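The values are calculated or read from the model by the stated rules, or taken from the named source; none is laboratory data. What you are looking at is a predicted structure, and each value in this text was computed from that prediction instead of being measured. Here the Cβ is made from the backbone with ideal geometry for all residues, glycine too, and neighbour counts use every protein chain on show. Heavy atoms of the whole protein, side chains included, go into the accessibility calculation; ligands, DNA and RNA do not. Shrake-Rupley method; radii C 1.70, N 1.55, O 1.52, S 1.80 Å.
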Amino acid sequence: MRRLFVWLGSGALAGLIMGPNTVLAQGYGVYEHGSCAMGRAGTAVASPCQDGSAIFFNPAGLALGGGQQISAGGTLIIPSGNFENDVTGLKSSLNNRVYPVPHVYYARRINDRFAAGFGLFAPYGLETDWPENSEGRFLGYKSIIQGIYLQPTLAMRLTPKIAIGAGLDITHLHVQLNQHADLSSVALPPPAPPGQTFANLGIAAGTDFADAELTGGGWNMGANFGIHFQLTNKLALGARYLTRQKVEINNGQVVFTQIQTGIILAAGNPFGAPAGTPLDAVLAPRFLADSTLGSQSASTSITLPDQIVVGAAYQLTDKFKVLFDYQRVNWKVFDALVLNFENAGQRTLVENYRASNGYRIGGEYAIRPTTMIRAGFLTHTAAAPDETVTPNLPEGPRSEFTLGLGTRLTGALRVDLAYQYIDQADRRGRSTDGGFTTPTTAVNNGLYKFNAHLFGATFALAF
């Protein structure tokens, strides 16, 4: 049963770290932290929106604004997706859920050269939520990651054409995973020969006998740097660098709940129990406190990747602006995961993530002095390689389309609205644990399909 604990705990933590994701961005990243920028496909590094979201998109942009304002809003993410098994043709579909991602910013111009602000946003996170009886439940049926960044920021104009900015990111990461254990793959206890599992007793594959819930969290600090160049009256350039962070999770907890199988043991069983004994009664002591499947602690560390964005903005006419951003996220930092269990020692899982590249183009047009319409398109590569596409993170290359509208409601209050559609390329992956410790495409057994609709709103109040 110790082998079971290692397998189950490792699978849970790996899935949890790999990124609860609702097919939103590369890896488990999130980029929708202001509806103005969202409406133009996230192109904001060279021409930050005047709603305080420059705190995230380019801290130097705070020095370009004036006065004092507070803004708040969020994005509602509505994903849909399924996994179809190659052999059986059976489909498992995501539960119908709506995921809110909030953002709050405060910005104030101090004088002609300096500005300051504070932001709250979540650049890494989201959730996958499958039915508890879904085919991939033995890898994970519910995964959550919430990376909340609190960022005080300072910006300065070096010259009339050059501004710089920096923010300190105070980060809290919360993780959770729910997953079942398959009794058929569990090793039989001695005196059974090594290598024999409950399947050798005739236990069918896919026999649920335990539910595991893993939770944990931790704090860390990083930084966000930006620079802005106003080269001419029409052309601006910008760049931003968000540092990587290694968050230690030392307070992880694993809680196991027994699932009744209803199986009755025959005579001569390897447990030495009388014929007619319920197998669940034999397994029950394993779930008691201080037993193998009792409540246990677990720890690991997660490296949130660094990312760099460079971009340009060009004012084609007095009313029409076009923007382009290139984004690279260093997901290669997630190449392996070292797991430490209270009773089961250490285990290292290979993940083989790769850096992802994103390309964004956007535009906005002033239909009148106080009202803007926006549109954009973006595309980016996947972070997870073919061998680690699972129900916990079935992400893939994506194309995304955006629309937006911004208008002034009163002299001091402005609202920005945005819509985004995510079209993810179909991605082959797996729904079983085979090859989890040593990833291989040989165990990929089906196709993941996903898309999502996003709706954003941000209200900004100047005072």
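The share of alpha-carbon pairs in region 267-307 lying farther apart than 13 Å comes to 68%. Counting 0.36 nm for each residue step from Glu213 to Tyr365 and taking away their Cα separation leaves a gain of 49.8 nm.
Helix 2-18 axis versus longest C-alpha principal axis of the chain: approximately 10°, rounded to the nearest ten. Inverting the pair-averaged 1/r between distinct Cα atoms of region 221-284 gives 18.4 Å as its Kirkwood hydrodynamic radius. Mean separation of Cα pairs under 8 Å and 6 or more residues apart, divided by the residue count, gives the chain a relative contact order of 20 percent. Give me the net charge of Val443's neighbourhood, meaning all other residues with Cβ under 9 Å from the Cβ of Val443; Lys, Arg count +1, Asp, Glu -1. Summing Lys/Arg as +1 and Asp/Glu as -1 gives -1. Extension gain for the segment Tyr326 to His453, taken as residue separation times 0.36 nm less the Cα-Cα distance, is 43.4 nm to one decimal.
Here the chain is treated as a sphere whose radius is the Kirkwood value from Cα pairs; by Stokes-Einstein at 20 °C and 1.002 mPa s it diffuses with a coefficient of 91 µm²/s.
Each Lys or Arg adds one and each Asp or Glu takes one away; over the other residues whose Cβ falls under 13 Å from the Cβ of Ile77, this sums to -3. Between Ala289 and Thr159, the modelled label-to-label distance comes to 7.0 nm, taking each label 7 Å out from Cα in the direction of the beta carbon. Nonpolar atom fraction for region 174-233, defined as the carbon and sulfur part of the 1.4 Å probe accessible area, stands at 61 percent. Within straight-line reach of Lys332, meaning a Cα separation under 27 Å, sit the following lysines at least 8 residues removed in sequence or on another chain: Lys142, Lys246, Lys449. Placing unit charges on the Cβ atoms only, positive for Lys and Arg and negative for Asp and Glu, gives the chain a dipole magnitude near 1760 debye about its Cα centre. Which value, in nm² and rounded to one decimal, describes the direction-averaged projected area of the C-alpha convex hull of region 39-106? Its average projected convex-hull area is 6.6 nm². Looking at the chain, the accessible area is 39 square angstrom per residue; that uses a 1.4 Å probe and ignores ligands, DNA and RNA.
Here's the picture: a label point sits 7 Å out from the Cα of Leu409 along the beta-carbon direction, and within region 31-46 the residues with their amide nitrogen under 16 Å of it are 35-36.
With no solvent and one equal point scatterer placed on each C-alpha of region 272-350, evaluate the Debye formula and give log10 I(q)/I(0) for q = 0.23 Å⁻¹, two decimals. Here log10 of I(q) over I(0) equals -1.06.
Modelled spin-label separation between Ser297 and Val333, with each label point placed 7 Å from Cα along the Cα-to-Cβ direction: 2.6 nm. Only alpha carbons enter this Debye calculation for region 264-396, each as an equal point scatterer, and the log10 of I(q)/I(0) it gives at q = 0.09, 0.14, 0.18 Å⁻¹ is -0.59, -0.87, -1.04.
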